[in-house]
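Here the structure comes first, spelled out in structure tokens, and everything after it is commentary.
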Amino acid sequence: MKKTIKVEGFIYNRKRDEILAVRKKDLSWGLPGGEVARDETMEEALIRVIKQEANIDVSVANLLHCWERRTAWEHVCTFVFRAFPRGNFIVPKTEEIAFRVKWLSVPLADNLLPLEYSSLNLLLDATGAHYDHCNEFPANQ
């Protein structure tokens, strides 16, 4: 069974009530993030993947949510951290980044982001971590 640790960044603009979202390879929207490499911490991975996906530098704050999914072929743990852009951040205006990175209103983002968050209010109001799991493969097999 393949084991994977993933990280995602929850970047929220309180003044505009918007969330930074990125377009994934399957053209769905999600939070910026990706896999943690063997030789890096979750914080280092999050800083790296947000830079790769959105071309912005961030500082990582607290853990908000952990989502665990286990099937017969894989075991994936995704950790969602609150992150803040460093400096005066506006989404870069290159064509590639403009297609892939958007500020979405909370109601729109709530409809477009994956179901594992159940509701963005869970992340907006979080002061500590929330743990969720989906066991599609019984542990005793």
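The values are calculated or read from the model by the stated rules, or taken from the named source; none is laboratory data. This one's a predicted model, so the numbers in the text were calculated from it and none came from an experiment. FYI the Cβ positions are ideal-geometry reconstructions off the backbone, even for glycines, and counts take in every protein chain you see.
Quick check on residue 25: is it closer than 25 Å to residue 108 by Cα and not hydrophobic (A, V, I, L, M, F, W, C)?
Answer is yes for this residue.
Yes/no per residue for (1) under 13 Å from the mean Cα position of the chain (by Cα); (2) within 16 Å of residue 17 (Cα to Cα); (3) modelled with pLDDT of 85 or more:
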site	(1), (2), (3)
86	no, no, yes
90	no, yes, no
98	no, no, no
102	no, yes, yes
105	no, yes, yes
109	yes, yes, yes
113	yes, yes, no
118	no, no, no
125	no, yes, no
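Summed over the range 46-83, residues that are farther than 22 Å from residue 103 by Cα and not polar (S, T, N, Q) total 11. Candidates in the range 8-26 are the residues that are charged (D, E, K, R) and within 17 Å of residue 83 (Cα to Cα); of these, the one that is surrounded by the most Cβ atoms within 10 Å (Cβ to Cβ) is 8.
Filtering the range 32-64 to residues that are of a type in the set (Gly, Ala, Ser) and touching a residue at least 12 places away in the same chain (Cβ under 8 Å) leaves 33, 34, 45, 54, 59, 61.
Checking the conditions here, which among 73, 29, 67 is touching a residue at least 24 places away in the same chain (Cβ under 8 Å), of a type in the set (Phe, Trp, Tyr), surrounded by fewer than 21 Cβ atoms within 10 Å (Cβ to Cβ) and over 22 Å from residue 121 (Cβ atoms)? Talk me through it step by step, then tell me what you get.
Numbers: 29 fails: over 22 Å from residue 121 (Cβ atoms); 67 fails: over 22 Å from residue 121 (Cβ atoms).
Answer to the check: 73.
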